Every structure is written in structure tokens, then in C-alpha cells.
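Remarks on the structure that follows.
The values are calculated or read from the model by the stated rules, or taken from the named source; none is laboratory data. What you see is a predicted model, and the numbers here were worked out from it, not measured in a lab. Methodologically, a virtual Cβ is constructed for each residue, glycine included, from the backbone with ideal geometry; neighbour enumeration extends over all protein chains shown. Accessible surface is based on the protein model in full, side chains and every heavy atom, while ligands, DNA and RNA are left aside. Shrake-Rupley method; radii C 1.70, N 1.55, O 1.52, S 1.80 Å.
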Amino acid sequence: MSGLAAWAADPAGSRGRRHAEPAPAFRTEYQRDRDRIVHSAAFRRLEYKTQVFVNHEGDMFRTRLTHSLEVSQIGRTIARALSVNEDLTEAICLAHDLGHTPFGHAGQDALNGCMRGYGGFEHNLQSLRVVDLLEERYAEFPGLNLTFETREGILKHCSKENAKKLGDVGERFLNGGRPGIEAQIANLADEIAYNNHDVDDGLRAGLLGVEQLAECRLFRDQLDAVRSRWPDLPERRLVHELVRRMIDYVVSDVVARTRQQLAAHAPRSIDDVRKAGTPLVGMSDETRDRHLELKRFLNRNLYQHAQVQRMTGQAADVVRDLFGLFMESPRLLPPDVQERTRAEDGAAAARARPIADYIAGMTDRFALAEHRRLAGSAKAAASAPGGERA
Ligand code: MG
């Protein structure tokens, strides 16, 4: 493809799809991947899944859908600046959180806890399961049948144990390889997006204050610059001006630093990038320090905030209760999920995975509604004389 750097993913050199398909007539292979992701049910459900604030807490906060769109916007900017594949970057960014449970990290930790005896639950691996297996949309194959490069990018982390079962996309976790440039960009774009939008959401929620955030250099430098030029700027415009400047500062640094690394390593192909032994996309040491300082600040002051913890703690109980109820009484599951629990040998270990898939796919509000319905009827049945649970 013209205009792409030698180290970019070229759709003509793709390692292909798991099920062979004719080439698309009007799009590149990676555009087709992106379009399949946008048309998936899992993508639509991101609209009602928690990023940090549980979905019903307010209409102005980021959801996993708007987070994914912001990641994709940042990723595409970096990809274009570096002359690598913007379509592939976009596809990976839009798909990166498809496997997230309801209720954000609290939900994921709770489900992982439930699955401890049954192979655990990793949201990155779940995103890959969604695109490889769980989406039911095409006559000829399960999942979305995406290209190797998009799947490689979606699988950001993976335990060695799981990597062994995955074949081609698992290899790099066993042999210390790296993914292509586009996947590395998507990974960093995710961090840049949440660091910045969580500042914005934290301020909006009143859980963080401008003066408090000024202890972080990344924030303070922009605050000083904006205040000296516009001393009377109303807070809403001040906050957005700061957030956009912080994004611009970090993105500019990533582009400059990555250009240096690419010049130093001079990869001649995407495989050279995979074998480089070190990530080629990154920040300068100084910017990384500042970025991590802000990340730690958010961890202490926002993610660990009593108000956020209370919400997510309740949400974790919902996930645990649902898992327990379904494990005990699979007949509470929808027929197609029941079918999958039966397809195995009836052992609890075989029941657990389809149940985890079902719960992970729920939106926040669906999980809450199911919990109200099932936990309520379970309690009633348990207290009825001779009543069977659920
Ligand atoms: Mg994310």
C-alpha cells in the first residue's frame, strides 16, 4: 500500500484470517476488520458498560464505548503521524475492550475470583474470545474471523498458560516477541485516553479538584500556561483546555520519541518490529515519569475514592451472586447458554466458562436487572417451606 512506512502492517502481507475469505472489493482487509467490529453486538453493548463510573451515575461520564472512540482517535493520530496503518490501529483500538465485564475493573476482578478454579478470567483474552468465538453473525464461521494482525493487537496481555492454548497469537508471550507498531500504538493510546478522560470525569464528578491535580507536573505545567494567558477562564473551559493540552503534549512526545527509536532500530518490516526485543512505540523518560505520576495520582484519589469504591464494591457482589446462582441452577440461563453448559460433560468446570462468557457480555443495567429478578426469586424460594433455591 502506498504511503506506508516499511515497518507498517501492509494488508497485502497480512498473515491472514483463520477461515479463508475472498478479499473485500472496496476496502482493505483492516477496514473490513474495523467494520465487523463496529457491527458487532459486543461493540454496541460497550455503551452501557462502566469505564470508571457505573453507567447509571450520570449521562456525562465516559462509558466503555466513548472511551474506545477516544482511544481510536488518539491511536489514529499517532498512526498517521508515523505513516503506519491507520485502519489497523483503529480496528485494534475499537476492539480492545470488547471482553470487559460489566462494572469495570471491579466486575473483572470479581469474575476472575469466581473463575479461580476454572481457568480464571482475563479481559484481554476475553476480547479475543469475543471476536474469535462468541459473536454469532456469519454463516460460514463463528466470531468475526478477523485478521491475525488485529487479533495480535487485541491480545495485549496473556498468561503463559493461556498463551500455550492460543497458537499463533499466543506465541509472542512464550518467546518474548512484540506485536506490530499499530498494536503498540493502540496500547499506549488506551493509557493516554484514560489518564486524560479520567481527569475530566473526576473533576466533573467533584471527586477531584483543580488545585489538588496541580501536584502532578503534567497537569500543573498546562495549568500555569493557560492561567497566565487566560486568568479568568471559567472552570469548564479551563478543564477542557487543560485536558486537550495534556493529550497534545503526550501524543507529540510519543511521535517524536517513536521516530527516534524507529530511526535507531531501522526495522525493514513488521516482523523486524516484532523481533526488536523492545517496544519501539513509547514516551521519552521525562514524559513517562509525568504520565506515571498522573496515573498513580488517579489511582490514589479517584479509583480508590470511597464513592467509586462503594459503587464498584456493590457491583462486584452482583457479579458474584449471578455466577453462584447460574452455577447452582443452569436452568436460570437463557436456552442457548444452557445448551453450551450441557455440550460439555456436565462437570462444574465445563459449566463455568459459558457462564463467565454470559456474565462478561452483560451490560451494567442488564446485570443489575437480572440480579434483582434472580436474587429476589432465589431468596423467596429459599424461605418458602420446602422450597428449592431459585
Ligand atoms: Mg481501555
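Calculate what fraction, in whole %, of the accessible area of region 26-306 sits on carbon and sulfur atoms when a 1.4 Å probe is rolled over the protein chains. Answer for region 26-306: carbon and sulfur cover 47 percent of the accessible area. Of the residues Pro334, Ala8, Leu292, the one whose Cα sits farthest toward the positive end of the charge dipole of the chain, with +1 on the Cβ of Lys and Arg and -1 on the Cβ of Asp and Glu, is Pro334.
For region 216-278, the alpha-carbon coordinates run over 52, 17, 17 Å along the three principal axes, in decreasing order.
Looking at the square roots a ≥ b ≥ c of the eigenvalues of the Cα gyration tensor of region 2-90, which shape do they give, rounded for a/c under 1.5, prolate if a/b is larger than b/c, or oblate? Oblate is the answer for region 2-90, as a/c is 1.5 or above yet b/c matches or exceeds a/b. Remark: region 26-306 carries a charge dipole of roughly 260 debye about the Cα centre, counting +1 on each Lys and Arg Cβ and -1 on each Asp and Glu Cβ.
For region 177-314, the fraction of C-alpha pairs farther apart than 25 angstrom is 38 percent. The accessible area of Tyr138, taken with all protein chains in place and a 1.4 Å probe, comes to roughly 80 Å². Kirkwood analysis of the chain, using all unique Cα-Cα pairs, places the hydrodynamic radius at 22.4 Å. In straight-distance terms, cross-link reach from Lys275 covers every one of the aspartates and glutamates whose alpha-carbon lies under 13 Å from its own, apart from those fewer than eight places away in the same chain; here that gives Glu171.
Remark: the chain carries 46 Å² of accessible area per residue (probe radius 1.4 Å; ligands, DNA and RNA excluded). Our helix-only sum for the chain, with -39,500 (n - 2.57) per DSSP H run of n ≥ 4 divided by its residues, gives a mean residue ellipticity at 222 nm of -19000 deg cm²/dmol. State the answer as a single residue: which of Pro231, Ala214, Leu242 lies farthest towards the positive end of the charge dipole of region 208-307, with beta carbon charges of +1 for Lys and Arg and -1 for Asp and Glu, about the Cα centre. Going by the Cα projections, it comes out as Leu242.
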